[in-house]
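Right, one structure below, let's go through it.
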Amino acid sequence: MRVVIAEDHALLRDGLIRLLEAHDFEVVEAVDNGPRLVPALVQHRPDVAVVDVRLPPTFTDEGLKAAIEARRQVPGLPVLVLSQYVEQLYARELLTGGGGAVGYLLKDRVSNVAEFLDSVRRVAGGGTAMDPDVIGQLLARNTRDEPIGRLTPRESEVLGLMAEGRSNAAIASALFVTEKAVSKHTNNIFAKLDLPPSEDDNRRVMAVLTYLSSR
């Protein structure tokens, strides 16, 4: 699996390279600033990009802007964004293009190697990987006037866990319910969000995008 990394801190950048290469990823390029990121992503068209939100020269949102521009030029390009803090605007902007294959994690999650690698693989596979803290803040937003407002509290909880990338079995375990109950909730979610029948994985991604884009 081919990866492009964008991270300005040398130690973290080298650590990400070593970690990914130790788990059979191929890091085709690692850049340390925003202007170099778009050309790298367009040239290599990697299976996934791991991008720090704040990169030189401005240290504001250079990484995010570069990732969004690259997704415009290469539709569906999988991007996993890393950020030091929860920034709701970043999550919304990243999801503007739709289509899945996006993730947003706080940098603290990188220390959980298994969780981080699972997130990288999930985004590369076209899914989503949203940090629980990001989900928690997005849940606090008022959505009564949105389609998402049709969901019951339990359905919203299930969809929040779905946004983290959890399977029905993992959701059932987290909520102490049966997989059958989770399946019923997900079907209700799909119906209330007006998502037509299709492959279940695709509907899960579209439900998550609807959920996050409405926050």
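Worth pointing out:
- Conditions (1) within 19 Å of THR128 (Cα to Cα); (2) acidic (Asp, Glu); (3) open to solvent by 20 Å² or more (accessible area, probe 1.4 Å); number of the one not met by GLU179: (1)
The rows are residues; the columns are (1) outside any loop (DSSP other than H, G, I, E, B); (2) open to solvent by less than 50 Å² (accessible area, probe 1.4 Å).
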| position | (1), (2) |
| --- | --- |
| ASP8 | no, yes |
| ASP14 | yes, no |
| ARG18 | yes, no |
| GLU29 | yes, yes |
| PRO35 | yes, no |
| VAL42 | yes, yes |
| LEU64 | yes, yes |
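- Look at (1) modelled with pLDDT of 70 or more; (2) of a type outside the set (Asp, Glu); (3) open to solvent by 60 Å² or more (accessible area, probe 1.4 Å) and you find that MET162 fails only one, number (3).
- Contacts under 6 angstrom Cβ, first residue in region 66-88 being farther than 19 Å from GLU164 by Cα and of a type in the set (A, V, I, L, M), partner modelled with pLDDT of 90 or more and in a strand (DSSP E or B), 6 or more apart: ALA67/VAL51; ALA67/VAL79
- Residue in region 131-152 that is outside the structural domain of LEU20 (by the TED database), exposed (fewer than 15 other Cβ atoms within 10 Å of the Cβ) and modelled with pLDDT of 85 or more present: yes
- Residue pairs meeting the criteria (Cβ under 6 Å; at least 6 apart or on separate chains; first in contact (Cβ under 8 Å) with a residue 60 or more places away in the chain, in region 35-63; second part of a loop (DSSP other than H, G, I, E, B) and of a type outside the set (A, V, I, L, M, F, W, C)): VAL48/PRO78
- Test: residue in region 186-198 that is modelled with pLDDT under 90, within 22 Å of the chain's Cα centre (by Cα) and within 30 Å of PRO46 (Cβ to Cβ): yes
- Candidate set from region 71-111 (those that are modelled with pLDDT of 75 or more and either of a type in the set (Lys, Arg) or at positive phi (or both)); member that is least open to solvent (accessible area, probe 1.4 Å): ALA101
- Any chance ASP118 is in a helix (DSSP H, G or I), at pLDDT 85 or above and either outside the structural domain of GLY160 (by the TED database) or not basic (Lys, Arg) (or both): yes
The values are calculated or read from the model by the stated rules, or taken from the named source; none is laboratory data. Worth saying up front: this structure is predicted, and the values here are computed from it rather than measured. Note that each Cβ is placed from the backbone with ideal geometry, even for glycine, and that neighbours are counted across all protein chains shown. Side chains included, ligands, DNA and RNA excluded: accessible areas come from the protein's heavy atoms. Shrake-Rupley method; radii C 1.70, N 1.55, O 1.52, S 1.80 Å.
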